[in-house]
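J.: Once you've had a glance at the structure underneath, I'll fire off some questions.
Just so you know, all these numbers are worked out from the coordinates, no wet-lab data involved. Everything numeric in this text was worked out from a predicted model, so none of it was measured. Every residue, glycine among them, receives a Cβ derived from its backbone with ideal geometry; neighbour counts consider all protein chains shown.
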Amino acid sequence: MRFQFILLIILLLSKVSFAQNTSPKLSNQVIKEDFDYLYQSLKDTHYNLFAFQSKEKYDSLFSHLKSNLTTDSLTLLEATSFFQRLVSFSNTGHCEIDYPASSYIDYAYAGGTVFPLELAFENEKVFIRKIFSLNKEISIGDEILSIDKIPIDDIWKQFNPLVSAERAYFKNAKIEFWSFPRLFYQLKGRKDQWLIQIKNKNNKVINLEVNSISVMDYETNRNGEILNPKKTLKFYGDVAYLNAGQFGSNEVDGEKLFKNFIDSTFTVIKDRKAKNLIIDFRNNPGGHNAYSDYLISYFANKPFKWYSSFSVKTSKILKEHTLLQADTTDEYSKKILNNTDGQIFNHDFPKYKPVEKSKRFNGRVYILVNRQTYSMAAVSAALILDYNFGKIVGEETGESPTLYASQFSYSLPHSGIVVKVPKSYIIRVNGSRKLEGLKPDIYIQDHLLDDNDEILEGLLIKLNRTANH
């Protein structure tokens, strides 16, 4: 998923040397053949490609883009951007082509540079969240109004075709995740100086020049990705704080290791006689319900499942993908393989049972979320709210807990560019089909997504006040 990009950035920062700029250009014919395949495969594999755009509009965009492709050849970066324009038109967060990481790495090793400011998109304003410029007149938290005299809203609109999401709020979150400097390079190419207009905290509007930073320096100094949940257990008096990490692993025994961590963690929590449990789902890419269900089973008071309705569309490409699994004898896989291509079928998984009462946490539970709570993390938080297993604290999630999901991927035949599509439709536990993020019981904004932890600190203050009254 998105963590594949992070692994590539780790490679970028390593001392390993390899051939640079080795990707040949792709011919006009190859691009058009891949483009034809892309549109047909999207129609075949996506659960409902036309959920948010009519077929007529999609056909029109496809014809327009193809007829305007007149250049003799495209680089891999240009081809990725071209294909993204078709894919993102679906307005589906799980239908996407990821950021062109390999092209970015080639650019980095060739001495490439990027815009020196990371941005946060909040309440229809854009703020500076990280600074890699030597210009001392810029401060974190300043509002950015324009770049090279182009209003920031207009630049945001130019980003739209590169980023897949159901809503503008979700699209903003994904721009933050991929990072503005990376996307700005993809959109505009190399540039080493910009004129920016900012409004500082004293509401003074200032025009400034900023110089670029090398990709290498940017990636080295930015202190990691936004999506980077780490296993953590802390105690604040009688309050336990747990971050269980992402709900997935590339390790062969990853699920077993995760469950062992949860087992030992709740043993410690019980031994410490914690009365309140805070579980952090912020900055979490999601993953597989086998992980999240096991975590929830330690404080659930009745059997549960993560949906009210779950249905899947099968296809030739999905069947090929499914056959690569080690085991296809389970009922779910057999339905995928045995149904006719294009068929939508319902599937129901058994309810997940809580752990035995002696191991269960019986205090109050609070789940922290923010706009960077994705996929199964958002679905699981909604499950906890809908079953009344705990309260939700933070800000609205970017992703909706009712969504087109269960993402799988395939490659275009000539360029090899990877396409990701949703094969399922998940309706949250309470049955709502609204296209909205999960809204918290206790709202606290995560301003700038920085190290100033307004959400956790705000909740701890609230719990301390409650304990003293």
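J.: Based on a Kirkwood Rh over C-alpha pairs, give the Stokes-Einstein translational diffusion coefficient of the stretch 372-469 at 20 °C and viscosity 1.002 mPa s in µm²/s.
T.: Result for D is 137 µm²/s.
J.: Further, regarding this structure: Counting other C-beta atoms within 10 Å, which of THR113, THR466 has the fewest, and how do the rest follow?
T.: Ordered by Cβ neighbours within 10 Å, fewest first: THR466, THR113.
J.: Starting from 0.36 nm per residue, how many nanometres of slack lie between GLN53 and ASN207 once their C-alpha separation is accounted for?
T.: That works out to 51.5 nm of additional length.
J.: If you project the alpha carbons of the stretch 220-289 onto the principal axes, what extent comes out on each, in Å, largest first?
T.: Dimensions of the stretch 220-289 along the principal axes of its Cα atoms: 39, 31, 20 Å.
J.: Follow-up question, since we're still on this one. Counting other beta carbons within 10 Å of each residue's own, what order do THR329, THR75 fall into, fewest first?
T.: Ordered by Cβ neighbours within 10 Å, fewest first: THR329, THR75.
J.: Just the Kirkwood number for the chain, please: inverse of mean 1/r across all distinct Cα pairs, in Å, one decimal.
T.: 23.8
J.: Sort out for me the Cα centre separation of the stretch 340-409 from the stretch 197-274, rounded to whole Å.
T.: Taking the Cα centre of the stretch 197-274 as reference, the centre of the stretch 340-409 is 20 Å away.
J.: Would you mind ranking VAL379, VAL393 by Cβ crowding within 10 Å, fewest neighbours first?
T.: Final ranking by Cβ density, sparse to dense: VAL393, VAL379.
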